[in-house]
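> Can you keep this structure in mind? I'll have questions shortly.
Readers should treat all values here as calculations from the given coordinates under stated rules, not as data from a laboratory. Being a predicted model, the structure only gives us computed values, none of them experimental. FYI the Cβ positions are ideal-geometry reconstructions off the backbone, even for glycines, and counts take in every protein chain you see.
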Amino acid sequence: MTLDPAAASDPQDDEALEQLGYASLVEVPLANGRRADILALRRGGDLAIIEIKTSVADFRADRKWAEYRDFADRFYFAVPTIFPAALIPEECGLIVADAFSASLIRDGNPRTLAPGRRRAVTLRFALTAAARLRRHIDPQAGLSEF
């Protein structure tokens, strides 16, 4: 897992999350106007959001992460190996990554999404994935995402 949300479809990101049982998308817009660095979906329907922080300064400057919690069962921070893990709140999951691999350090506290919210986020995941696949197959296809 690389720590660059702009590096969309990095195979290492996919592999690290696949090992945890997730399919994932990067830079996914949420209904509250925020954009998740990574939105991941497990076969059983569990949703996770992974917020990538590249440095302590990046973490301290960005307090909007709490607004993501209402859109996933689990919330993780992905940080570089040199990041002081004690800064990450205990209720959040922690993934430590470098350019070659990622390790799940802790899962954090799970939440259960309301059925309507779960349906809406899962549908957004599916529609976003379909639109991106369509644009990959046909670059002339519409550019809108859901």
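> Taking other Cβ within 10 Å of each residue's Cβ, how do THR112, THR81 sort, fewest first? Let's see the in-between values first.
Working: THR112 9, THR81 12.
Least to most surrounded, the residues fall as THR112, THR81.
> Which value at 222 nm does the chain reach when only helices count, each DSSP H run of 4 or more adding -39,500 (n - 2.57), with the total divided by all residues and rounded to the nearest 500 deg cm²/dmol?
Here the helix-only value at 222 nm equals -8000 deg cm²/dmol.
> Ordered by residue, what ³J(HN,Hα) values in Hz, to whole numbers, does segment 63-76 give under the Karplus form 6.51 cos²θ - 1.76 cosθ + 1.60, where θ = phi - 60° and Gly and Pro are x?
10, 7, 4, 4, 6, 7, 4, 6, 10, 7, 6, 9, 10, 10
> Rounded to the nearest 5, what is the percent of antiparallel bridges among the DSSP beta bridges in the chain?
60 percent
> Using 7 Å Cα-to-Cβ label points, what is the ASN109/GLU18 separation (nm, one decimal)?
So the two model labels end up 3.4 nm from each other.
> Let me ask you something else. Please turn the phi angles of segment 81-89 into ³J(HN,Hα) values with the Karplus equation 6.51 cos²θ - 1.76 cosθ + 1.60 (θ = phi - 60°), one per residue in order, whole Hz, x for glycine and proline.
4, 8, 6, x, 4, 5, 6, 7, x
> On to the next question. Only four residue types carry charge here, +1 at the Cβ of Lys and Arg and -1 at the Cβ of Asp and Glu. Report the dipole size of segment 55-115 about the Cα centre in Debye, rounded to the nearest 20.
On the way: 7 positive and 9 negative charges, 15 e Å.
It comes to approximately 80 debye.
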